[in-house]
Amino acid sequence: MRIFFALLTTIVFALSAAGPCYAAHKEEKGTVKGTITRMEPSGYEITVKDDKGKETKVNVRDAGGVKVGDSVVVKDGKVAPAVKPKTGGY
């Protein structure tokens with residue numbers, strides 16, 4: 001019986017540690033992340049290319065402050081610069 005509870009505890013701990021890691025990598029619906037490849041002259045439609053190479057046209061409310069080649073996150077028509085995580089070093 002002790003072995004069963006020890007095994008059950010180990011499995012539950014492993015799954016609870018892996019769950020948030022899996023959830024963190026899910027794509028949010030309605031969010032586009034990538035690099036701007038094209039901007040319409042009106043400034044209300046931009047084309048964003050994600051890391052898989054897929055291009056998506058997005059209508060935005062205001063594209064001020066961004067230019068072609070910038071990494072951005074577009075959510076609900078709002079454009080924000082993508083924040084790159086700091087890795088390594090202190």
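The values are calculated or read from the model by the stated rules, or taken from the named source; none is laboratory data. Predicted model only: the values in this text are computed from it and were never measured. In this analysis, Cβ positions are derived from the backbone assuming ideal geometry, glycine residues included, and neighbour counts consider all displayed protein chains.
So residue 2 passes all but one of these: (1) at pLDDT below 90; (2) more than 19 Å from the chain's Cα centre (by Cα); (3) farther than 20 Å from residue 78 by Cα. Which condition number does it fail?
(1)
Working only within the range 12-53, note down all residues that are modelled with pLDDT of 90 or more and of a type in the set (Lys, Arg).
Those that are modelled with pLDDT of 90 or more and of a type in the set (Lys, Arg): 38, 49.
Residue by residue through the range 66-76, note down the ones that are β-branched (Val, Ile, Thr) and in a strand (DSSP E or B).
Once the filter is applied, which keeps residues that are β-branched (Val, Ile, Thr) and in a strand (DSSP E or B), the range 66-76 yields 72, 73, 74.
List every residue pair whose Cβ atoms lie under 8 Å apart, where the two residues are 6 or more positions apart in sequence or sit on different chains, the first residue falls within the range 51-71 and is in contact (Cβ under 8 Å) with a residue 24 or more places away in the chain and closer than 14 Å to residue 41 by Cβ, and the second residue, located anywhere, is not β-branched (Val, Ile, Thr) and not in a strand (DSSP E or B).
Final answer for the pair search is 63/43; 63/44.
For the range 30-65, how many residues meet the condition of being of a type outside the set (D, E, K, R) and either outside any strand (DSSP E or B) or over 17 Å from the mean Cα position of the chain (by Cα) (or both)?
Here the count works out to 14.
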